[in-house]
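Worksheet for the structure shown next.
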Amino acid sequence: MRALILMGVVTFFLMEGTYLLAADKGNPIIDYQGFTKQVEEVGKLREKRRISEETFLGMIKDKKTILLDARSGPMYKLLHVRGAVNLSLPDFTEEALAEIIPTKDTRVVIYCNNNFKNEPAAFAPKAPAASLNIHSFNALHSYGYTNVYELKPLLDRATTKIPFEGTQLKQQTLNATPLPIPQSE
């Protein structure tokens with residue numbers, strides 16, 4: 001019996017020690033080394049999954065594809081690609097992602113601020129290494145999503161074929177709508 005208990009204790013400490021080696025010291029649920037290893041692995045996959053404007057337009061027409069906007073809620077409301085669902089990157093959890101993405105192999109298409117120029121309010125550019133697409137792609141991979149694609153080019157918001165919607169467009173429409181001229185009797 002003692003041998004069995006001792007074997008259990010030793011196994012626990014070996015497993016716990018292995019777990020702690022993979023994670024940051026002092027916090028077993030943060031793993032920077034695992035993150036950097038994953039970034040290298042995902043980088044190779046990501047390069048194959050970056051798509052053109054035309055491919056993006058074709059993919060988002062498929063009703064089984066999830067078009068994910070991981071920007072903040074206020075920026076999404078201001079202006080987003082028509083048909084996109086919003087889940088801000090800081091809100092990614094297993095449960096939250098499962099609510100909007102039916103399965104781990106569902107096709108997910110992402111875009112970010114750094115895909116659109118000449119739209120400084122809704123799509124303020126980020127530092128290249130801080131681009132939201134990079135972090136979103138990696139985070140989705142961390143949660144086991146295997147069919148992720150990313151809009152590749154930097155497009156001019158004024159000339160792209162990609163359709164948008166949001167409060168900014170509604171306001172522009174209201175401002176552009178001519179008021180009726182009162183008729184004199």
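The values are calculated or read from the model by the stated rules, or taken from the named source; none is laboratory data. All figures in this text were calculated on a predicted structure; none of them were measured in a lab. Every residue, glycine among them, receives a Cβ derived from its backbone with ideal geometry; neighbour counts consider all protein chains shown.
Can you tell me how many residues in segment 42-68 are part of a helix (DSSP H, G or I), among the charged types (D, E, K, R) and either within 14 Å of Arg82 (Cβ to Cβ) or in contact with a helix residue (DSSP H, G or I) (Cβ under 8 Å, 6 or more places away or on another chain) (or both)? Going through segment 42-68 one residue at a time, the tally reaches 2.
Inspect segment 67-80 for any residue being among the aromatic types (Phe, Trp, Tyr), under 10 Å from the mean Cα position of the chain (by Cα) and surrounded by 16 or more Cβ atoms within 10 Å (Cβ to Cβ) and give the result as yes or no. Steps first, answer last, please.
Keep residues of segment 67-80 that are among the aromatic types (Phe, Trp, Tyr), which gives 76.
If we keep only those that are under 10 Å from the mean Cα position of the chain (by Cα) as well, we get none.
Checked segment 67-80: no residue is among the aromatic types (Phe, Trp, Tyr), under 10 Å from the mean Cα position of the chain (by Cα) and surrounded by 16 or more Cβ atoms within 10 Å (Cβ to Cβ).
If the condition is being in a strand (DSSP E or B) and crowded, with 16+ Cβ neighbours inside 10 Å, then segment 81-116 contributes Val81, Asn86, Val108, Val109, Ile110, Tyr111, Phe116. Number of residues in segment 154-172 that are farther than 20 Å from Met75 by Cα and not charged (D, E, K, R): the value is 1. Within segment 42-64, residues that are touching a residue at least 12 places away in the same chain (Cβ under 8 Å) have Cβ atoms under 8 Å from residues that are of a type in the set (S, T, N, Q) and assigned to a helix (DSSP H, G or I) in these pairs: Val42/Asn138, counting only partners at least 6 apart in sequence or on another chain.
Does Arg82 satisfy the condition of being in contact (Cβ under 8 Å) with a residue 60 or more places away in the chain and in contact with a strand residue (DSSP E or B) (Cβ under 9 Å, 6 or more places away or on another chain)? Explain how you work it out, then say what you get.
Values: in contact (Cβ under 8 Å) with a residue 60 or more places away in the chain: yes; in contact with a strand residue (DSSP E or B) (Cβ under 9 Å, 6 or more places away or on another chain): yes.
It is true that Arg82 is in contact (Cβ under 8 Å) with a residue 60 or more places away in the chain and in contact with a strand residue (DSSP E or B) (Cβ under 9 Å, 6 or more places away or on another chain).
Looking only at segment 117-149, filter to residues that are aromatic (Phe, Trp, Tyr) and outside any helix (DSSP H, G or I); which one of those is surrounded by the most Cβ atoms within 10 Å (Cβ to Cβ)? The qualifying residue surrounded by the most Cβ atoms within 10 Å (Cβ to Cβ) is Phe123.
Do you know which residues across segment 150-183 are outside any loop (DSSP other than H, G, I, E, B) and either modelled with pLDDT of 95 or more or in contact with a strand residue (DSSP E or B) (Cβ under 6 Å, 6 or more places away or on another chain) (or both)? Don't jump to the end; show me each part of the working.
Narrowing segment 150-183 to residues outside any loop (DSSP other than H, G, I, E, B): 150-151, 155-156, 164-165, 167-176.
Selection gives Glu150, Leu151, Leu155, Asp156, Phe164, Glu165.
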